[in-house]
Amino acid sequence: MLLVPKQLRRSGMTGDVPYYGGRLTPAQAHAASHPNRPRPRPAPDPLVALRQLLDAGVITAQEYQDLRARVNR
């Protein structure tokens, strides 16, 4: 029979890292201090945005042509 403290028998409660009696492992400490930040969304294509403004009636066809010419420079 193997005598193991209760804390070490709880290895499954923290995932695949051993449980150290309430203290965080180095991997857990790193993960806690470096939370996942959402990645910024890429900027929308300006021509698609202009087309959506034209379709919604926010800008006129002439304004669309002028702005499109400015974007393509």
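Bear in mind these aren't lab numbers, they're just calculated from the coordinates by the rules spelled out. Since the structure is predicted, the reported quantities are computational estimates derived from the model, not experimental observations. Cβ: placed from backbone, ideal geometry, glycine included. Neighbour counts: every protein chain shown.
Just a few scattered comments:
- One decimal place: the segment residue 73-residue 48 gains 7.4 nm when fully extended, by the rule 0.36 nm per residue minus the C-alpha distance.
- A Förster radius of 35 Å combined with the Cβ-Cβ distance from residue 61 to residue 32 puts the calculated FRET efficiency at roughly 0.05.
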